[in-house]
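Note sheet for the following structure.
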Amino acid sequence: MKLSGKVALVTGGSRGIGSAVASGLACEGAKLVIAARNSAEIFAECDHLRALGAEVVGIAADVAEAAQVEHLVSTAIAEFGAIDVLVNAAGVQGPIGTLWEADLEQWRRTFDINLFGTMQCCRSVIPHMIAAGGGKIINFSGGGAAGPRMNFSAYAASKAAVVRMTETLAEETRPFNICVNAIAPGIVNTGMLDAIVRAGSAAGGEHEQIKTLRKEAAGFVAIEVPVGLAVFLSSRESDGLTGKLISAPYDDWQAWDHDRISALSAQPWLTLRRLDQHTLSSITVEAPGTISPLEPIKSNGTARRS
């Protein structure tokens, strides 16, 4: 039981990856506070988690509303006395289509939830983690965070901002024993993809890609993969790992021990960086040696983020 006695707050915890992460943390002994906007879904998810043996409190909250986030965090502290782990899984796909045709209010709303919602939860929880001597924060990245994603400008830009906020916050909280990391889950077959199917041609090639994957029932990343990474990042096994964007399906995080974490921490792997002669010249890999500034990267790194 890697998380026995720990308290985890999971936003977006009533469906999709958030729900699966909550279940994964519960199975490792964590006490849970789950939040989402839909009260009925929250109550149903709480029943599911209690059936797994978890102590859980469900709270209806919109992470885009600062007052509701403050209420969420204060209620969690009142119920369990601490928040050891924060998982920011609440997110929306946002408007789909070219930027100049996107609805402006939907574009802004995407940032309100994906970026400002994540920021507000971090901002409210961190003082409690500092007082407790440490904690773990897990944010969710997504397609477009580390490279262009045509027709998904709001989602891509908001998730790129989440990653850079994660890196910055990791440095600010490092003295307080708080680890902050982001997960790139890969293409997981959740309700988030329904919007892509509904968008039709406005989603470009992703529309046919998702339809094909669903028809063939193959090619998706199993939801257990990002869940396993979230459990790892929540536990003592990941102590010292902070400020990284980790790909659940592509990085070999299952094999990371203290020595590997120390090696990763000493280099800019798994972070957002401009790739040019200046940045690449200082990067080395374990084998075969030093990368030439003009030689393509062949190890896991920024270029593999999706």
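Since every read-out is calculated from the coordinates, none of them should be taken as a lab result. Note that this is a predicted model, so its numbers are computed, not measured. Every residue, glycine as well, gets a Cβ built from its backbone with ideal geometry; the counts of neighbours run over all protein chains shown.
Compute the signed sum of charges (Lys and Arg +1, Asp and Glu -1) over the other residues within less than 12 Å, Cβ to Cβ, of Leu86.
Working: positive: Lys6, Arg123, Lys136; negative: Asp84.
Computed value for this residue: +2.
Could you pull out every one of the lysines with an alpha carbon less than 16 Å from that of Lys2, ignoring same-chain neighbours closer than 8 positions?
Lys31, Lys136
Size of the dipole of the chain about the Cα centre, Lys and Arg at +1 and Asp and Glu at -1 on the beta carbon, nothing else charged, in debye to 20? Walk me through the intermediate numbers first.
Numbers: 26 positive and 31 negative charges, 58 e Å.
In debye, rounded to 20, the chain gives about 280.
If each of Glu172 and Asp257 carries a label point 7 Å out from its Cα toward its Cβ, how far apart are those two points in nm?
The modelled label-to-label distance comes out at 3.6 nm.
Where in the chain are the DSSP H helices whose alpha-carbon span along the long axis reaches 24 Å or more and whose Kyte-Doolittle mean is at least -0.5?
Details: long enough: 153-173 (29 Å, 0.05).
Those that clear 24 Å and a mean of -0.5 are 153-173.
Using alpha-carbon pairs under 8 Å, 6+ residues apart, how would you state the relative contact order of the range 116-192 in percent?
On the way: 88 pairs, mean separation 28.6, N = 77.
This gives 37 percent for the range 116-192.
Using label points projected 7 Å from each Cα along Cα→Cβ, tell me how many nm separate Ala78 and Glu65, to one decimal.
Distance between the two pseudo-spin positions: 1.6 nm.
In a GNM of the chain with a 10 Å cut-off on Cα contacts, which of Ala217, Ala182, Ala102 has the highest mean-square fluctuation?
Largest GNM mean-square fluctuation: Ala217.
Express the relative contact order of the chain as a whole percentage, based on alpha carbon pairs under 8 Å and six or more residues apart in sequence. Kindly include the intermediate steps, with their values, before the conclusion.
Details: 586 pairs, mean separation 47.4, N = 306.
Computed value for the chain: 15 percent relative contact order.
Could you tell me the center-to-center distance, by alpha carbons, between the range 10-87 and the range 93-171 in angstrom?
A separation of 19 Å, based on Cα centres.
Amide H of Val180 versus every other amide H placed in the peptide plane: which residues, excluding those fewer than 5 positions away on the same chain, fall under 5 Å?
Ile137, Gly243
I'd like the FRET efficiency for Glu101 and Asp194, computed as 1/(1 + (r/R0)^6) with the beta carbon distance as r and R0 of 25 Å, rounded to 0.05. Before the final figure, lay out each step's value.
Working: r = 21 Å, r/R0 = 0.83.
Efficiency computed from Cβ-Cβ geometry: 0.75.
Grab the beta carbon distance between Ser4 and His278, set R0 = 45 Å, and tell me the FRET efficiency rounded to 0.05. Kindly include the intermediate steps, with their values, before the conclusion.
On the way: r = 46 Å, r/R0 = 1.03.
Result of the calculation: an efficiency of 0.45.
Going highest first, how would you order 265-271, 171-177 by mean Cβ packing within 10 Å? If you can, show how the numbers build up before the last one.
Details: 265-271: 16.6, 171-177: 13.7.
So the peptides 265-271, 171-177, ranked by packing, come out 265-271, 171-177.
With a sphere of radius 10 Å drawn around the Cβ of Cys179, what net charge do the other residues whose Cβ falls strictly inside it have (Lys, Arg +1; Asp, Glu -1)?
On the way: positive: Lys136, Arg174, Lys244; negative: Asp239.
Once positives and negatives cancel, what remains is +2.
Which percent, to the nearest 5, of DSSP beta bridges fully inside the chain are antiparallel?
Details: 1 of 29 bridges.
Percentage antiparallel, nearest 5: 5.
Would you pull out the residues with amide H under 5 Å of Val188's amide H, same chain only if 5 or more places away, H placed 1.01 Å from N?
For Val188, the qualifying residues are Val221.
When the chain is treated as a GNM, springs tying every alpha-carbon pair under 10 Å, which of Gly205, Gly142, Gly29 comes out with the largest mean-square fluctuation?
Maximum fluctuation in the GNM of the chain, among the listed residues, is at Gly205.
Which FRET efficiency value, to the nearest 0.05, is calculated for Ile130 and Ala266 with the Förster distance at 25 angstrom and r the Cβ-Cβ distance? Walk me through the numbers on the way to the answer.
Details: r = 25 Å, r/R0 = 1.01.
Efficiency computed from Cβ-Cβ geometry: 0.50.
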